[in-house]
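None of the figures in this text is laboratory data; all of them are computed from the coordinates on show. All figures in this text were calculated on a predicted structure; none of them were measured in a lab. Here the Cβ is made from the backbone with ideal geometry for all residues, glycine too, and neighbour counts use every protein chain on show.
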Amino acid sequence: MHAINSEMLNQIIYIYLISSLSAVCYCLENGLARTPPMGWLSWERFRCNTDCTNDPYNCISERLFQVMADLLVSEGYASAGYEYVNIDDCWLEKHRGPAGQLLSDHKRFPNGMKALSDYIHARGLKFGIYEDYGNYTCAGYPGIIGYEESDAIQFAAWNVDYVKLDGCYAQPYDMDRGYSEFGRYLNSTGKPMVYSCSWPVYQIYAGIQPNFSAIQSHCNLWRNYDDIQDSWASVENIIDYYGNNQDIIAPNAGPGHWNDPDMLIIGNFGLSYEQAKTQFAVWAILAAPLLMSVDLRTIRPEFKDILLNRKIIAVDQDPLGIQGRRIYKHKGIEIWSKPISPVYQIYYSYAIAFINRRTDGTPSDISVTLKELGLINLSGYRVEDLYENVDYGILYPHTKIKVKVNPSGVVMLKAETQYLKNV
């Protein structure tokens, strides 16, 4: 059994003082992404499959996005908060039009982007699109360089709600100016568009320290690390990166401006059931965008249930917008904690994720008091298991809890602070 060292308490309190102070910043205020965006994105599952002759049901085409939009609504994803349908790379023709305009592939998108946007909006959803701050997109299609203002105007004319701007075929030293400028062009159209940037990750790769104050002032969300792949190793690498660099990363997150650890790969080929639960729990603790990249036509029910877990979605979407942190790591056991609402006086509620990174094939018992987790409200906390839907009632700082966590799995608890009683 793993008992938690009580010296964690002072560290936890210090961490959350820093997190609270970091909420004061000069950030983009386009009124959007007050909670992390949720939706569906094509890239990880469908990549750049443009062969609609031999693979018509899986190629990047208007049919694919129409089907996924319909399923978001009919299968209950939209009512749970998944509202964006986002195209990634490979939607374009290889060359611009005679007036310099972007052209969607005429065979795969025969009705054009405005018609697809209208189709998605007619279902109560929002439409996202992809471009690149470079001469080309990552897959070799036209980038925005030299056409920044006209492309922003074109996106607005298509009634786009969300723009992801990648950073291939670009100079990282130019990104401070270029990403900022394109954000201003988007805002100047008068059409509200969430702005997703790849600005910091390309600068980090180039050995440049990103200016996160500037990034927050222009972008609603941004990537910090590698693209996710369809494997548990990839998810673990992202979890480690966010844990190891949390002092730099976490203070930058908040309403309207989010760190993006990349897509949810739940329901694809690379994660077990336990690992899928772990990804969803950690992404919620991180206040991450929840962008599914999965074939909604074939997803198995147990994975669908993870993605539709409204209690964990509520943790991710908590209005305080505080990114959680890893507060314990020892011999393959990790504890992640996120302050959430409601708050009473100085006492936050918390979401707590107990993660077993061990591979020895047997569940691990983790034993800890609430006080050791930084939960010190003497009136107690109502504790609930968010995956098992078990209510443990009111527990107090001295109460020791024990959870059994499966290998590569998670136990996720919510501890809702209670009001002090009148004496």
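Side notes on the structure shown:
- The range 280-371 shape via C-alpha gyration tensor axes, a/c threshold 1.5: oblate
- Rel. contact order, % - alpha carbon contacts under 8 angstrom, at least six apart, the chain: 16 percent
- Helical content alone sets the calculated 222 nm signal of the chain at -8500 deg cm²/dmol, taking -39,500 (n - 2.57) per DSSP H segment of four or more residues and averaging over every residue.
- Cα shape, the range 24-110, gyration tensor, a/c 1.5 rule: oblate
- Mean Cβ neighbour count within 10 Å, used as a protection proxy, ranking 245-257, 405-417, 91-103 highest first: 405-417, 245-257, 91-103
- By average C-beta atoms within 10 angstrom, highest first, the peptides 184-191, 217-224, 130-137: 217-224, 130-137, 184-191
- With the convex hull drawn over the C-alpha atoms of the chain, the volume per residue is 144 Å³.
- The chain - share of DSSP beta bridges that are antiparallel (%, nearest 5): 60 percent
- Note on the range 151-218 and the range 360-423: Cα centroid distance 41 Å, given to the nearest whole angstrom.
- Tensor-based shape of the range 365-411 (alpha-carbon gyration tensor, a/c under 1.5 rounded, otherwise prolate or oblate): oblate
- Normalised by the number of residues in the range 116-213, the mean separation of alpha-carbon contacts (under 8 Å, six or more apart) gives a relative contact order of 28 percent.
- Put a plus charge on the Cβ of each Lys and Arg, a minus charge on the Cβ of each Asp and Glu, and nothing anywhere else: the dipole of the chain about its Cα centre is then about 980 debye.
- The range 31-172: relative contact order as a whole-number percent, Cα under 8 Å and 6+ apart: 23 percent
- Each Lys and Arg adds +1 at its Cβ and each Asp and Glu adds -1 at its Cβ; summed about the Cα centre, the range 225-278 shows a dipole of about 180 debye.
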